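Beneath this line is the structure, given in structure tokens, with notes to follow.
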Amino acid sequence: MAVNPNPGILQYSRLRKSPFFHASRQHGVSLYSVYNHTYHPRHYGDPVAEYWALLEGVTLWDVGVERQVEITGPDAFEFTNMLVPRDLTKCKVGQCKYVFVTAEDGGIINDPVLLRLGENHFWLSLADSDVLLWAKGLAHGLGMDVRIHEPDVGPVQVQGPKSRDVMVDLFGESILDVPYYYAVDRELNGMQVVVSRTGYTAELGYEIYLHNATRDGVKLWETIWEAGRPHGMQVIGPCHIRRIEAGILSWGCDITYETNPFEAGYGFEKTWMVDLEQDADFIGKEALTRIKTEGVARKLVGVRMGGPGIGSFNDGSMIEPFDVHDPHGLRIGEVTSACHSPRLDSNIGFAMVPVAYQEPGTELVVHTQHGPQDAIVVEKPFHDPNKDIPKHLERTASA
């Protein structure tokens, strides 16, 4: 595979290239977006075919746009525990946690996956917003003894039911012992990597974080691709159909600086995400305590929408959010993410609506590209609410 040998993530330009840019584009990228100031392959021609490839086989994703913020030093645990509202005393070394980074007013700055690599060693695997300068500014202002920087690390995702077979071929049977939301250090063809049982799919899957990614990005990609080809591996973009089915949020769409965890459904129901009972203070604790006491005026709900299919979300057809109206025609909110689910044969999505409209069974009207369509509030996730699919892993490889 002919590629540029010097992709690199540590480029000082307005739009960067991931360590896997020149390797992943060889598979025929049809559309790029920009994520964390970095080119991101959106899809490779047919997002619905990519969805079925994910559900039925094994897929490889270039997610080098998931930039890492590394936090080390004597005060690293204290600082990171202050940065997020989860109680990190409950996070073991080698464990991963989905977390919010909250602002002083309780707004969500980012929703990364946190990896605890040592007692005082953390990575924040970022969604699409700037956290590095936020963390540096806080540490400086508080006089904390930490080092915060972006390491030369780039992740790829290997996702789908046959991902176990590819990972066994790459790392041996012991990789099947890694529990859900845990991470281990491994060596692969002379490359140092961290392997985690995580992913943006709610399917069985792994993320492989490559050290020295600027140097070895192409090598890692080609190593995984060669191991995956006998198993029918396909290269795809981020599968928004599957992540919406799974109730996975997208920063910039479903949550923003102006959204707090209680509005997003994390806090009242999932108290571990915003642990107000922990002894430690964290940024936004006072505001979130007040919000919990006073309640919220709006909530992010699941909706099913009638009418013709609204697309895969990947195809760029939904430039603006869909307006949400009550049955009497009053505009009350907007759909933040939506797609047509082939498996459910239904238009589904998330909508931010006043709390008076949050109960399942509430009837709404959503204005899609096809005009006004009847809609109904439903529970989310839309599929596999207990995440049995990604949690379950047979010790033996699948047939």
Open item on the list: Restricting to segment 45-70, give me the number of residues that are over 17 Å from Pro155 (Cα atoms) and touching a residue at least 60 places away in the same chain (Cβ under 8 Å).
Closed with: 10
Task: Conditions (1) surrounded by fewer than 24 Cβ atoms within 10 Å (Cβ to Cβ); (2) β-branched (Val, Ile, Thr); (3) under 24 Å from Leu83 (Cβ atoms); number of the one not met by Ile148 - done: (1)
- [ ] Could you please give the count of residues in segment 100-143 that are of a type in the set (A, V, I, L, M, F, W, C), open to solvent by 10 Å² or more (accessible area, probe 1.4 Å) and closer than 15 Å to Leu88 by Cβ?
- [x] 2
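Within segment 261-272, does at least one residue satisfy the condition of being of a type in the set (Val, Ile, Thr) and in contact (Cβ under 8 Å) with a residue 60 or more places away in the chain?
Initially, segment 261-272 is screened for residues of a type in the set (Val, Ile, Thr), giving 271.
Still in the list and also in contact (Cβ under 8 Å) with a residue 60 or more places away in the chain: none.
No, because not a single residue in segment 261-272 is of a type in the set (Val, Ile, Thr) and in contact (Cβ under 8 Å) with a residue 60 or more places away in the chain.
Determine which member of the set Val324, Val301 is over 23 Å from the mean Cα position of the chain (by Cα) and either open to solvent by 10 Å² or more (accessible area, probe 1.4 Å) or touching a residue at least 40 places away in the same chain (Cβ under 8 Å) (or both). Spell out the reasoning first.
On the way: Val301 fails: over 23 Å from the mean Cα position of the chain (by Cα).
Of the residues listed, the single one that is over 23 Å from the mean Cα position of the chain (by Cα) and either open to solvent by 10 Å² or more (accessible area, probe 1.4 Å) or touching a residue at least 40 places away in the same chain (Cβ under 8 Å) (or both) is Val324.
Hey, does segment 213-226 have a residue that's assigned to a loop (DSSP other than H, G, I, E, B) and either open to solvent by 10 Å² or more (accessible area, probe 1.4 Å) or under 22 Å from Ile389 (Cβ atoms) (or both)? Full working, then the answer.
The initial filter retains those residues of segment 213-226 that are assigned to a loop (DSSP other than H, G, I, E, B), namely none.
No, segment 213-226 contains no residue that is assigned to a loop (DSSP other than H, G, I, E, B) and either open to solvent by 10 Å² or more (accessible area, probe 1.4 Å) or under 22 Å from Ile389 (Cβ atoms) (or both).
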TODO: Take segment 83-99 and flag every residue that is open to solvent by 50 Å² or more (accessible area, probe 1.4 Å), of a type in the set (Val, Ile, Thr) and either assigned to a loop (DSSP other than H, G, I, E, B) or within 14 Å of Thr271 (Cβ to Cβ) (or both).
DONE: Val93
- [ ] Name the one entry in Asp128, Asp105 that is part of a loop (DSSP other than H, G, I, E, B) and under 22 Å from Ser33 (Cβ atoms).
- [x] Asp128
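Taking Asp185 as the residue in question, decide whether it is closer than 26 Å to Glu78 by Cα, charged (D, E, K, R) and outside any loop (DSSP other than H, G, I, E, B). Talk me through it step by step, then tell me what you get.
Numbers: closer than 26 Å to Glu78 by Cα: yes; charged (D, E, K, R): yes; outside any loop (DSSP other than H, G, I, E, B): yes.
Yes; evaluated as a whole, the condition is true for this residue.
Restricting to segment 131-149, and then to whatever is among the hydrophobic types (A, V, I, L, M, F, W, C) and either in a strand (DSSP E or B) or without any contact (Cβ under 8 Å) to a residue 40 or more places away in the chain (or both), can you tell me which residue is farthest from Glu78 (Cα to Cα)?
Filtering segment 131-149 for residues among the hydrophobic types (A, V, I, L, M, F, W, C) gives 131-135, 138-139, 142, 144, 146, 148.
Adding the requirement that they be either in a strand (DSSP E or B) or without any contact (Cβ under 8 Å) to a residue 40 or more places away in the chain (or both) leaves 133-134, 148.
Working: Leu133: 18, Trp134: 16, Ile148: 13 Å.
The qualifying residue farthest from Glu78 (Cα to Cα) is Leu133.
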Open item on the list: I need the full set of residues from segment 327-353 which are open to solvent by 40 Å² or more (accessible area, probe 1.4 Å) and either in a strand (DSSP E or B) or in contact with a strand residue (DSSP E or B) (Cβ under 7 Å, 6 or more places away or on another chain) (or both), in order please.
Closed with: Pro327, Arg331, Glu334, His340
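The values are calculated or read from the model by the stated rules, or taken from the named source; none is laboratory data. Computed from a prediction, not measured in an experiment: that's the story for all the values here. Here the Cβ is made from the backbone with ideal geometry for all residues, glycine too, and neighbour counts use every protein chain on show. SASA here: full protein model, heavy atoms, side chains in, ligands and nucleic acids out. Shrake-Rupley method; radii C 1.70, N 1.55, O 1.52, S 1.80 Å.
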